[in-house]
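Notes for the one structure printed next.
The values are calculated or read from the model by the stated rules, or taken from the named source; none is laboratory data. Not measured: the values here are computed from a predicted model. Cβ sites come from the backbone with ideal geometry, for glycine too, and all protein chains shown count toward neighbours. The area values use the complete protein model at the heavy-atom level, side chains included, leaving out ligands, DNA and RNA. Shrake-Rupley method; radii C 1.70, N 1.55, O 1.52, S 1.80 Å.
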Amino acid sequence: MRRQHISSEAEQQHKADVALAGRREELLAAAQETEARFREAQARNAPVAEVHTLAEDLDAALTAAMQAAYAAQRAEIGPRGYDDRIYRRKAKAKRAVHALTAQAEHLLTLRETHRLNDIPAEPLEPAIEPLEPAI
């Protein structure tokens, strides 16, 4: 049986995923810090505009951490997993990949829950001043 050749595109994607996966801990720490600032603003009843901005920052931080976690999963599978779906499926059953998948899905759930429940509506301000009624 001949071993399947790894395409250059798969190798490039793998290198990019390894680089992003290397920043996973940093991005998780940033998301935790952003969440702490968001929760603190909620606790002190900060203005809606400030809470909205912090909520969007938290959404971006959770998205970046989730993307890094999925990149770590793909990096753990290896470059062959980009081209060979059977190899990728078998690799996903391994303990290390399964743990990375669970972390990525947990971050995805946190982000989606945050988007559905914690982002307040942006405060509306009139675009123009109302005209005085003519008498």
| query | Could we say that A65 is crowded, with 17+ Cβ neighbours inside 10 Å and either in contact with a Phe, Trp or Tyr (Cβ under 9 Å, 6 or more places away or on another chain) or modelled with pLDDT of 95 or more (or both) here? | reply | yes
| Failed item, numbered, when Q12 is tested on (1) open to solvent by 20 Å² or more (accessible area, probe 1.4 Å); (2) closer than 15 Å to I119 by Cα; (3) of a type in the set (S, T, N, Q) | (2)
| field | Any chance A69 is under 16 Å from A104 (Cβ atoms) and in contact with a helix residue (DSSP H, G or I) (Cβ under 6 Å, 6 or more places away or on another chain) | value | yes
| query | Would you pick out the residues in segment 112-129 that are under 15 Å from L54 (Cβ atoms) and modelled with pLDDT of 90 or more? | reply | H114, R115, N117
| task | Among the residues of segment 77-112, count how many are of a type in the set (A, V, I, L, M), open to solvent by 70 Å² or more (accessible area, probe 1.4 Å) and closer than 30 Å to E35 by Cα. | result | 1
| note | Among (1) crowded, with 21+ Cβ neighbours inside 10 Å; (2) under 28 Å from P120 (Cα atoms); (3) in contact (Cβ under 8 Å) with a residue 40 or more places away in the chain, R74 falls short only on (2)
| remark: When every residue in segment 19-41 that is open to solvent by 70 Å² or more (accessible area, probe 1.4 Å) and more than 16 Å from the chain's Cα centre (by Cα) is compared, the one farthest from L107 (Cα to Cα) is E40
| message | Please count how many residues of segment 113-122 are open to solvent by less than 40 Å² (accessible area, probe 1.4 Å) and more than 18 Å from the chain's Cα centre (by Cα). | response | 1
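Could you count how many residues in segment 25-61 are among the β-branched types (V, I, T), touching a helix residue (DSSP H, G or I) at 6+ places or on another chain (Cβ under 7 Å) and without any contact (Cβ under 8 Å) to a residue 40 or more places away in the chain?
Taking segment 25-61 and keeping what is among the β-branched types (V, I, T), we get 34, 48, 51, 53.
Remaining after also requiring touching a helix residue (DSSP H, G or I) at 6+ places or on another chain (Cβ under 7 Å): 34, 51.
With the extra rule that they be without any contact (Cβ under 8 Å) to a residue 40 or more places away in the chain, the set shrinks to 34.
Residues that pass the stated criteria total 1.
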